[in-house]
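The values are calculated or read from the model by the stated rules, or taken from the named source; none is laboratory data. Bear in mind the structure is a predicted one, so any value in this text is a computation, not a measurement. Every residue, glycine among them, receives a Cβ derived from its backbone with ideal geometry; neighbour counts consider all protein chains shown. Remember, those area values only see protein heavy atoms, side chains included, never the ligands or the DNA or RNA. Shrake-Rupley method; radii C 1.70, N 1.55, O 1.52, S 1.80 Å.
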Amino acid sequence: MLDYNTEAAVYDATRGGVPRAESAARAVLGLVPESARTLLDIGCGTGLVTQRIAAARPGLKVLGTDASYGMARLARQRIGAVALGDARRLPLGAATVDAVGAIWLLHLLRGAGEARAVVSEAARVLRPGGVFVTTVDKDAAHDVGSDIDEAFAPYLRPKPSDSEELVVAYGAEAGLDVVGETRFVGHGQGRTPQAAARSVHRGDFVSRLELPGTAADRLEAALLALPDPDRPRGDPEYRLLVFRRRG
């Protein structure tokens, strides 16, 4: 798993930067009602997406929280209202915000009950009628039918923690009903075989791949043997679901 405190300094530059952030922010706001006055972005990372959500809708008060000090520090420089905190125990009272976002978060929560707890917390802090917007099947979005995806195929985890089936079930338990969805492109995130091999070597794909024993070495070698090792393959297309709080 990545150390997000140290990763914070290069996170945006290595993950599509502003174009990806703007694409994500537009998609989120397309699912948040104009009547919403407060939005909490949980797992806000460096705040690049959060900042663009706030800038695009001046009447919306945008807050952020992240468990990584390095990420939260950068986010605070961008949007100000950022708390260091665990998404499973949010530092807000019940029914205090109109919208909650969780972008590129649930797929990282591999521990037993972690994703369920985050969805439950999102429901807790939402006012009745409020909305929860989250990415689902995040890692599957990177499968663009490329030769990299063929190399990954034998090692894919069978049960991602952010699968649509699981997240919808967690939402139903917490009083959240699916009311819509959209997709957006992760601009600049098309991987090259060389970059994918480096990520395998670093252990970056823990949410997507199971690599016991020498499997990581074998996969790294297979990726480095692919043609055009410096050519980016297709950009991923992410999927967002929006849930409404009952009541």
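Could you check the simple spin-label distance between residue 225 and residue 206, using points 7 Å along Cα→Cβ, in nm with one decimal?
Inter-label distance under the simple model: 2.9 nm.
Pairs of Cα atoms under 8 Å, at least six residues apart: use those to get the relative contact order of the chain, whole percent.
Across the chain, relative contact order equals 23 percent.
Please get the size of the charge dipole for the chain, origin at its Cα centre, with Cβ charges of +1 on Lys and Arg and -1 on Asp and Glu, quoted in debye to the nearest 20.
In debye, rounded to 20, the chain gives about 960.
Please name which of 214, 111, 58 has its Cα lying farthest along the dipole of the chain towards the positive end, using unit charges on Cβ (Lys, Arg +1; Asp, Glu -1) and the Cα centre as origin.
Of 214, 111, 58, it is 58.
State the answer as a single residue: which of 184, 35, 168 lies farthest towards the positive end of the charge dipole of the chain, with beta carbon charges of +1 for Lys and Arg and -1 for Asp and Glu, about the Cα centre.
Result: 35.
At 1.4 Å probe size, with every protein chain present, just tell me what the per residue accessible area of the range 62-162 comes to in Å².
Per-residue value: 40 Å².
Among 138, 61, what's the order by accessible area (1.4 angstrom probe), most exposed first?
61, 138
With springs connecting C-alpha atoms under 10 Å apart, model the chain as a Gaussian network and identify which of 206, 97, 49 has the largest mean-square fluctuation.
Comparing 206, 97, 49 in a Gaussian network model of the chain, the most mobile one is 206.
Candidates (1) 21.0, 64; (2) 17.9, 56; (3) 16.8, 52; which is the computed Rg and Dmax of the Cα atoms in Å?
(2)
Roll a 1.4 angstrom probe over the protein heavy atoms and tell me the percent of accessible area of the chain that is carbon or sulfur.
52 percent
How far is helix 17-29 tilted, in degrees, relative to the longest principal axis of the Cα atoms in the chain, given as a value from 0 to 90 rounded to the nearest 10?
The angle comes out near 40 degrees.
Could you report the accessible area of residue 173 in Å², rounded to 10, computed with a 1.4 Å probe on the protein chains as they sit in the structure?
The accessible area of residue 173 comes to roughly 120 Å².
Using modelled backbone amide H atoms (1.01 Å from N, in-plane), which distant-in-sequence or interchain residues come within less than 5 Å of residue 100's amide H?
Result for residue 100 returns 40, 131, 132, 133.
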